[in-house]
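Written below as structure tokens is the structure these notes are about.
The values are calculated or read from the model by the stated rules, or taken from the named source; none is laboratory data. Because the structure is a prediction, the values reported are computed rather than measured. Every residue, glycine among them, receives a Cβ derived from its backbone with ideal geometry; neighbour counts consider all protein chains shown. All accessible areas refer to the heavy atoms of the entire protein, side chains included, with ligands and DNA or RNA removed. Shrake-Rupley method; radii C 1.70, N 1.55, O 1.52, S 1.80 Å.
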Amino acid sequence: MAFKRLDPEDFVVSSDSVTSTVWSNNSPSLNTYFTSSVQKDGASGPYYLSVFQTASTDDTAAVQFQIAYANKNGGGGIDFDSSVPNVSPTTTIYGQYRTLVLEDENSSFVWGESYTGSADNDFYVISIERARYKESLLPGSLNLILSSSNTEASYSTIHLTDNSGEVTLPIYYGTQRAYQLISGSNGTAAVGTGTGYTPNSGSYGLFLPDISTILLNTAALNDNTATGGGINLGTVTSSIAAHNPSKLYRHISGSVGDTDGNIFKLNSQETLSSDYVFVRARNTEFNYTENPSFISGSTGEVIYDYFIDNPQTFPTTVGMYNDSNDLLAVAKLSRPVQKDFTKEALIRVKLDF
């Protein structure tokens, strides 16, 4: 064993972006959807719905995302106190996401560059389960198809994506990125839709990759003047437990309208920081070994005279030690490296954190 102190120039830090699928079993697309009847019929069911990739009773069932409904005026929910009107669970959800996203309880949501209006009153939330990704969602990977039956003979379908491919920079709420939801695919607007917004209701919502959240503008989803028409969610805004999340679930799962409605594609993104350590073995270094098979046990002499003037070693491992001689990390070479006075070795060690 031999030691050599590393110099500052032997260290290099690098960051790489790694993408992966979001859904369970590394599936690139979520095509089957299930809910739990226990949760749906429980106290939270009218306002909050968990969606699984298989029946919730299966051993492999895992929550993929949640759906919630938010209303500034408490619509779609029962008031907490009849003496305090327009304050219900949907109001709480609205305030929660206004604080989380806008970071200001007095601000209003803007669907598009300048549009607010009555569309600011309510929205749907799709929150990706935290266990499905490590760092954030990948802009441009969102492809969500919602379908609906306008009449018994015709269907309307909305293909949603974020506008990351249409803008140079995202919107920032504090340090948090946000993209507008538009009609299109893979981060770009559909041909013939311009910006991909609706004519009368602004964008279809916001895509917030850093908090794995999608906000859906209810007015835009119902806007029949948009290309392809609206999907007629049937959102109830009266003061009752309206089960509005279940209404959106039906349009995501494909149980309403054509069979395209069950496609939900989304990827995650993770930045991996790596430390590269360059270990240099010069021609005069690491040529001798302490391997006992080279040394006589009785005399302590080198058994083979050939190795006195022309030694050879075959390094297989690099150990990283601190100043206290504590072993911190071990790097294994893919194959032994022959080393003698005529050869030098440069070994690159990658440390991931």
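Grab the DSSP H runs of the chain that are 4 residues or longer, score each as -39,500 (n - 2.57), total them, divide by all residues and round the 222 nm result to the nearest 500 deg cm²/dmol.
Working: 5 runs with 31 residues, N = 353.
Helix-only estimate at 222 nm: -2000 deg cm²/dmol.
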*Fully extended, how many nm does the chain gain between ALA62 and ASN106 (0.36 nm per residue separation, minus their Cα-Cα distance)?*
12.2 nm
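Rounded to the nearest 0.05, what FRET efficiency is calculated for GLU270 and VAL302 with R0 set to 41 Å and r the Cβ-Cβ distance? Display every interim value, and only then the final one.
Numbers: r = 52 Å, r/R0 = 1.26.
That gives a FRET efficiency of 0.20.
Of the peptides 326-334, 36-44, 235-243, how do they stack up when ordered by the mean number of other Cβ atoms within 10 Å, highest first? Before the final figure, lay out the partial values.
Numbers: 326-334: 10.2, 36-44: 13.1, 235-243: 16.7.
Result, highest mean Cβ count within 10 Å first: 235-243, 36-44, 326-334.
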*Whole-number accessible area per residue in Å² for the chain, which is evaluated in the context of all protein chains at 1.4 Å*: 51 Å²
*Between their Cα atoms, which of LYS4/LYS343; LYS134/LYS265; LYS4/LYS339; LYS134/LYS350 are more than 19 Å away from each other?*
LYS134/LYS350
*PHE34 accessible area, 1.4 Å probe, all protein chains in place, Å² to nearest 10*: 80 Å²
*Given 0.36 nm per residue, what is the gain on full extension from THR342 to ASN26 after removing their alpha carbon distance, in nm?*
108.8 nm
*Using a basic spin-label model with each label point 7 Å from the Cα along Cα→Cβ, how many nm lie between ASN86 and ILE295?*
8.7 nm
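Within the accessible area of the chain, what % is carbon and sulfur when the probe is 1.4 Å and the other protein chains stay in place? Don't skip to the answer; put the middle values down first.
Details: 9180 of 18140 Å².
Here carbon and sulfur together make up 51 percent of the probe-accessible area.
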*asked:* Nearest 10 degrees is fine. How inclined is helix 244-253 to the longest principal axis of the chain, computing both from alpha carbons?
replied: 60 degrees
*What whole number of Å gives the distance from the Cα centroid of the stretch 301-353 to the Cα centroid of the stretch 1-63?*
40 Å
